[in-house]
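Notes for the one structure printed next.
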Amino acid sequence: LLSRGRIVEISAECMQQVTFMSKTIDNFKNFFSPSKTKKEFSVVNTLRSTVGLIDARLRNHGIGIEFDIKQDCALYGYKGELQQVVLNIISNAVDAIIERNCTKRVVTILADKGDGGAIIQIQDTAGGIDESIITKIFDPYFTTKAQGKGMGIGLYMSKQIIERHMHGKL
């Protein structure tokens, strides 16, 4: 039986996710559009709000998030696109932790200020990427997931966003 407070909390989480998905659709629809407007945003606030979007999934699978914030910095660019990349990488980490049935279930996000930008590192306890496929992970349509579980475009699109739109490196 759910309390009224829990129902309100779940409803708020659902609305937050629906809003984010709507923005995601707009981001992909406008991915190659030159008319997008860049804005300044906090890297740490963006990371925290992105994690908030998948908090329920993390809790359902007993996966913790640890933040290791060295120094925040502001980026001038597309906040929604950075959120897409972070969400994709965390989702991949969660999938790996679940698939490998890890006993230690933690995703760690490090943020620091770098030369002219931000350094963001996302690590998990799933054991890393197999050396035999490491050179293929950014190829379009490459996936290690079972049929119907992944399309193989997430890391490809993430790399495009970071390198082409944000002039960074993934």
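Miscellaneous remarks
- When the residues CYS73, CYS14 are ordered by accessible surface, computed with a 1.4 Å probe over the protein chains alone, the sequence from largest down reads CYS14, CYS73.
- Within the full protein context, the accessible area of ARG105 is estimated at about 50 Å² for a probe radius of 1.4 Å.
- Too-long pairs where the Cα-Cα distance tops 23 Å, listed order kept, from LYS70/LYS136; LYS79/LYS113; LYS104/LYS145; LYS39/LYS169; LYS113/LYS159: LYS70/LYS136
- Each Lys and Arg Cβ is given +1 and each Asp and Glu Cβ -1; about its Cα centre, the chain then shows a dipole of about 400 debye.
- Share of Cα-Cα pairs in the stretch 58-107 lying beyond 16 Å, as whole percent: 52 percent
- Positive dipole terminus of the chain, leading residue within PHE41, GLN160, LEU1 (C-beta point charges): LEU1
- Mean ellipticity per residue at 222 nm, deg cm²/dmol - from DSSP H runs of n ≥ 4 across the chain, formula -39500 (n - 2.57): -13500 deg cm²/dmol
- Antiparallel DSSP beta bridges within the chain, as percent of all bridges there, nearest 5: 65 percent
- Of the GluC sites (Glu not before Pro) found in the stretch 95-170, those that fall in a DSSP loop while having at most 14 other beta-carbon atoms within 10 Å are GLU131.
- A convex hull fitted around the alpha carbon atoms of the chain yields 149 Å³ per residue.
- Exposure check, 1.4 Å probe, all protein chains in place: TYR156 carries approximately 70 Å² of accessible surface.
The values are calculated or read from the model by the stated rules, or taken from the named source; none is laboratory data. Just so it is clear, the model here is predicted, and its values are computed rather than measured. For neighbour counting, all protein chains shown are included, and Cβ atoms are generated from backbone atoms with ideal geometry for every residue, glycine included. The protein model used for the area step is the full one, side chains on, heavy atoms only, and it has no ligands, DNA or RNA in it. Shrake-Rupley method; radii C 1.70, N 1.55, O 1.52, S 1.80 Å.
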